[in-house]
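Asker: Take a look at the following structure, please.
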């Protein structure tokens with residue numbers, strides 16, 4: 001068996017998320033079906049990190065083991081060909097295939113995950129940006145959002161930014177960096193950490209948006225983190241604004 005690493009891009013709009021479930025179309029099952037058609041045997045993918053329904057990816061990583069001796073280019077082209085035959089398969093692209101050591105694990109070998117959350121910040125909506133941004137009509141103060149984001153850097157108990165369905169054994173995570181930039185009408189918030197809690201990035205974004213709009217002060221934001229109470233934080237930002245950009249190994 002030879003192990004291969006896949007770098008995957010997908011538009012998550014039509015998917016129930018990465019993980020296959022009893023109902024709905026998942027990214028995982030769609031790729032596994034394509035792989036089965038290509039390789040003529042059942043394939044199980046191991047992923048770096050599951051994404052939720054509606055979340056996109058530019059640099060998702062998964063690995064699979066293959067018995068057949070195939071050229072890397074043929075694996076990539078074959079998977080993309082059979083993906084195009086699956087329901088919503090054209091919303092997925094295998095960007096790169098590479099041979100890796102058998103002890104490589106897409107999930108456990110990952111050192112950092114980089115997510116971008118995009119907010120379209122203008123008083124009128126944008127049909128072009130509607131599928132991959134959160135439209136916030138009130139003007140947001142970027143400087144205030146940056147100050148608030150600085151309180152999240154480092155190791156903290158993130159219970160306030162943890163969804164009710166989170167299955168992580170501990171609410172403690174370490175955020176390495178948060179970058180906030182604005183270009184024209186798009187605000188991009190970049191989150192970098194080894195791992196995140198369920199919906200953590202989206203809840204942090206929703207609360208940072210409240211700081212930017214003046215609804216929550218920086219002092220209050222710091223208190224929200226310290227209170228360790230989900231009810232104190234802001235809304236969970238829509239999934240469509242979130243993209244998994246890169247996994248670092």
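The values are calculated or read from the model by the stated rules, or taken from the named source; none is laboratory data. Because the structure is predicted, anything quoted here is derived from the model rather than measured. Please note: Cβ atoms are built from the backbone with ideal geometry, for glycine as well, and neighbour counts cover all protein chains shown.
Asker: Any chance segment 109-116 includes a residue that's touching a residue at least 24 places away in the same chain (Cβ under 8 Å) and more than 23 Å from the chain's Cα centre (by Cα)?
Answerer: No: zero hits.
Asker: Here's a follow-up. Counting only residues that are free of Cβ contacts under 8 Å to residues at least 60 places away in the same chain and touching a strand residue (DSSP E or B) at 6+ places or on another chain (Cβ under 9 Å), which one in segment 17-34 is nearest to residue 74 (Cα to Cα)?
Answerer: 34
Asker: Here's something else I'd like to know. For segment 226-233, check the following and say yes or no: at least one residue is assigned by TED's automatic domain parsing to the domain that holds residue 124 and under 25 Å from residue 121 (Cβ atoms).
Answerer: Yes, there is a match, as at least one residue in segment 226-233 is assigned by TED's automatic domain parsing to the domain that holds residue 124 and under 25 Å from residue 121 (Cβ atoms).
Asker: Could you check segment 193-243 and list, in sequence order, the residues that are buried (at least 19 other Cβ atoms within 10 Å of the Cβ) and more than 19 Å from residue 166 (Cα to Cα)?
Answerer: 208, 209, 210, 211, 212, 216, 221, 240, 241, 243
Rundown of residues vs (1) within 30 Å of residue 184 (Cα to Cα); (2) not assigned by TED's automatic domain parsing to the domain that holds residue 46, yes/no style:
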{"residue": "65", "(1), (2)": "no, no"}
{"residue": "86", "(1), (2)": "no, no"}
{"residue": "95", "(1), (2)": "yes, no"}
{"residue": "124", "(1), (2)": "yes, yes"}
{"residue": "132", "(1), (2)": "yes, yes"}
